[in-house]
Each structure stands twice: as C-alpha cells, then as structure tokens.
Amino acid sequence: MILIKLGGSILTFKDRKYSFRTHVAERLIKEIKNSSVDRYVLVHGGGSFGHPGAQKYGLNTTEPPSPAEGISRVQLDMRRMNNHILEMMLDQGIWAVSMPGGLITIFDGGELYEIDHEMVRRYLSLGTVPLAFGDVTIDKKRGTTICSGDDIMLGLSDFADRAVFVSDIDGIYKGGELQEEFTEDMLPLETHDLPNEKKKIDVTGGMNKKVKNMLKISERSKTYLVNGEVKGRLRKILDEEEVLATEVIG
C-alpha cells in the first residue's frame with residue numbers, strides 16, 4: 001500500500017483564499033491513475049482553504065477564543081476543498097471515499113494519539129480509495145486542535161510500503177544543492193540552504209517540521225518528496241522510475 005500526499009502548496013495558491021488549482025489537481029490525479037499503483041490512500045493538505053480559518057480562530061492553540069464557530073467554519077472549508085478532489089477522482093473512474101481527519105483521529109496535547117486504521121483497511125478491502133485530509137479534530141487535553149495531512153501520513157505509515165509527498169519544489173535543499181537523499185543529521189534547515197529562487201519557502205519553520213515528520217515516516221516506509229509542478233514526475237516515482245526527487249532516510 002502506498003501513501004500519497006498532495007500538499008496544499010500544489011493544490012492551491014496559498015496567498016489567495018479558496019483558490020483551487022483545478023488543472024494541476026486534475027493532472028496529478030491522472031498521473032496516479034495512469035501509474036501501476038492500484039492500492040493507495042490519497043491525503044491532501046488544507047492550503048488556502050484550511051489555513052486562514054485555522055489561524056483566524058486559533059484552532060492550533062491551547063485556548064482558542066471561539067472553538068465552536070471555528071470548528072464548524074474550518075470543517076466546512078475543508079470539505080469544500082475535499083469535494084473538489086473527490087469529484088475529479090470520480091470523473092476519472094477512481095472510486096474514492098471521503099475520510100475527514102476530524103473523524104478518524106484523536107489528538108492529545110497537540111500530538112496524534114489515535115487514528116482509525118481499521119476503517120482505512122476496510123475501505124481499501126472494498127476496492128475504494130480512501131481520500132483523507134487535514135481537518136479540525138478532537139484533542140483530549142485542549143478540546144480541539146488541527147490534524148494536518150502530514151499527521152495522517154504519519155499515522156498510517158506503519159502499514160504502508162512507500163510514502164510520497166507531492167509539493168511545489170524539486171525536493172529538499174541543503175547548502176543550496178538539491179539532495180538526492182536527506183538524513184536526520186542534515187537538520188536543521190536554514191534559509192541559506194535554499195537556492196535564491198526558493199528563498200520564499202518557509203524553511204526555518206514549516207519546512208523543518210515537515211522534514212522531521214518525513215524522517216519519522218521513513219523509519220516505517222520508504223519516503224520521498226517530489227515536485228508535482230513538473231508533468232510526469234509523480235507518475236514516474238509511483239512506478240519506481242528514475243526521477244528528480246529527494247528520498248528521506250530515517
């Protein structure tokens with residue numbers, strides 16, 4: 001079984017609220033369909049659908065000021081995004097089933113505590129494709145928190161053979177050079193590690209967190225970061241062909 005995560009940066013324009021990149025998403029779904037992979041879970045991030053509301057309502061803090069309204073509004077935003085992808089998959093004959101992160105996970109103090117493996121396995125056994133996504137979920141200590149697509153990838157990685165993260169960059173950079181392999185001793189990443197044209201990426205914060213999560217996943221399954229902006233790369237890495245990407249090795 002393969003885990004595929006389509007990041008919010010590849011599916012949306014993060015600086016424009018509710019901006020869905022329809023043509024990119026359609027192409028990536030076609031690449032998955034045209035690959036040899038037939039048993040997989042597709043996960044997607046929130047991008048410009050989930051992040052603005054999560055920030056506005058403080059849903060990733062210990063005491064959000066208006067949790068009930070925030071939960072309701074952000075869950076609605078994420079389901080709107082999920083429906084875009086679900087419809088595209090059904091249009092291409094991929095029988096996907098929506099699997100909100102808020103219904104399959106429980107957190108404890110901001111960390112993943114439990115994920116419903118049994119539900120995922122049962123839907124896979126029926127020949128469907130679980131389509132999971134970042135969401136607002138229950139937290140045992142905080143009451144509520146954000147479950148990211150990366151959290152879902154980690155939670156499901158113990159029964160996956162490979163995990164493929166699809167983003168808008170060629171892979172992970174260190175010292176200005178793209179790395180074919182990335183290991184834990186290469187952390188932390190700093191702004192100067194990126195080539196000049198990639199300085200806009202949030203390396204010191206978001207990227208380090210994502211890479212640490214990938215390193216955890218790579219202890220259980222082979223893990224890769226590939227650029228979905230370039231046509232054909234996702235299909236090639238799924239088919240285990242040679243392609244420009246970074247393998248993360250824990």
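Brief remarks on what is shown
- Looking only at the range 1-22, and only at residues there that are out of contact with any Leu (no Cβ under 9 Å at 6 or more places or on another chain) and charged (D, E, K, R), the one that is surrounded by the most Cβ atoms within 10 Å (Cβ to Cβ): LYS14
- Qualifying residue in the range 18-41 (condition: under 30 Å from SER125 (Cα atoms) and of a type in the set (Phe, Trp, Tyr)): yes
Condition check ((1) crowded, with 18+ Cβ neighbours inside 10 Å; (2) farther than 12 Å from VAL41 by Cβ; (3) polar (S, T, N, Q); (4) out of contact with any Phe, Trp or Tyr (no Cβ under 6 Å at 6 or more places or on another chain)) across all residues:
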{"site": "GLY93", "(1), (2), (3), (4)": "no, yes, no, yes"}
{"site": "LEU103", "(1), (2), (3), (4)": "no, yes, no, yes"}
{"site": "GLU114", "(1), (2), (3), (4)": "no, yes, no, yes"}
{"site": "VAL120", "(1), (2), (3), (4)": "yes, no, no, yes"}
{"site": "VAL129", "(1), (2), (3), (4)": "yes, no, no, yes"}
{"site": "GLY134", "(1), (2), (3), (4)": "yes, yes, no, yes"}
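- Residue count for the range 191-224, restricted to those that are at pLDDT below 85 and either surrounded by fewer than 16 Cβ atoms within 10 Å (Cβ to Cβ) or part of a helix (DSSP H, G or I) (or both): 15
- ALA25, sole failed condition from (1) touching a Lys or Arg at 6+ places or on another chain (Cβ under 7 Å); (2) buried (at least 20 other Cβ atoms within 10 Å of the Cβ): (1)
- Annotation: of all residues in the range 28-60 being free of Cβ contacts under 8 Å to residues at least 24 places away in the same chain and part of a loop (DSSP other than H, G, I, E, B), the one that is farthest from GLY155 (Cα to Cα) is TYR57.
- When ILE85 is tested against (1) out of contact with any Lys or Arg (no Cβ under 9 Å at 6 or more places or on another chain); (2) of a type outside the set (Phe, Trp, Tyr); (3) free of Cβ contacts under 8 Å to residues at least 24 places away in the same chain; (4) in a helix (DSSP H, G or I), exactly one condition is not met: (3).
- Residue within the range 89-97 that is closer than 22 Å to GLY206 by Cα, in contact with a strand residue (DSSP E or B) (Cβ under 8 Å, 6 or more places away or on another chain) and modelled with pLDDT of 95 or more present: no
The values are calculated or read from the model by the stated rules, or taken from the named source; none is laboratory data. Small disclaimer: the values here were computed from a predicted structure and weren't measured. So basically every Cβ, Gly included, is an ideal-geometry build from the backbone, and we count neighbours across all protein chains shown.
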